[in-house]
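Heads up: the structure comes next, in structure tokens.
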């Protein structure tokens, strides 16, 4: 099985790399079609664990897009909290479960 993962640099105001956003890619066409956000979040996490964060984003923070399912299933707890910033997708409705997961 082929694994595809992109990483997009995030720069600070001085145009120095501050971190990276690992991005799910479903194939060699190098794009995400938006049809399976839960799969994309889970696959990105899986790739980070498989390839190791230190190899993908050495010394920098990783900014991960999170779906509701990703949050309430506690997937984020598998990652080092000092190296990860969770980006909650704008499509995630805030409810008690999501709020509790964010805590």
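The values are calculated or read from the model by the stated rules, or taken from the named source; none is laboratory data. Model, not experiment: these values are computed from the prediction. Cβ placement follows ideal geometry from the backbone for every residue including glycine, while neighbour counts extend to all protein chains displayed.
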Checking the conditions here, which among 12, 30 is surrounded by fewer than 16 Cβ atoms within 10 Å (Cβ to Cβ), over 11 Å from the mean Cα position of the chain (by Cα), more than 21 Å from residue 103 (Cβ to Cβ) and modelled with pLDDT under 90? 30
Can you work out which of the residues in the stretch 71-100 that are touching a strand residue (DSSP E or B) at 6+ places or on another chain (Cβ under 9 Å) and farther than 24 Å from residue 54 by Cα is surrounded by the fewest Cβ atoms within 10 Å (Cβ to Cβ)? 94
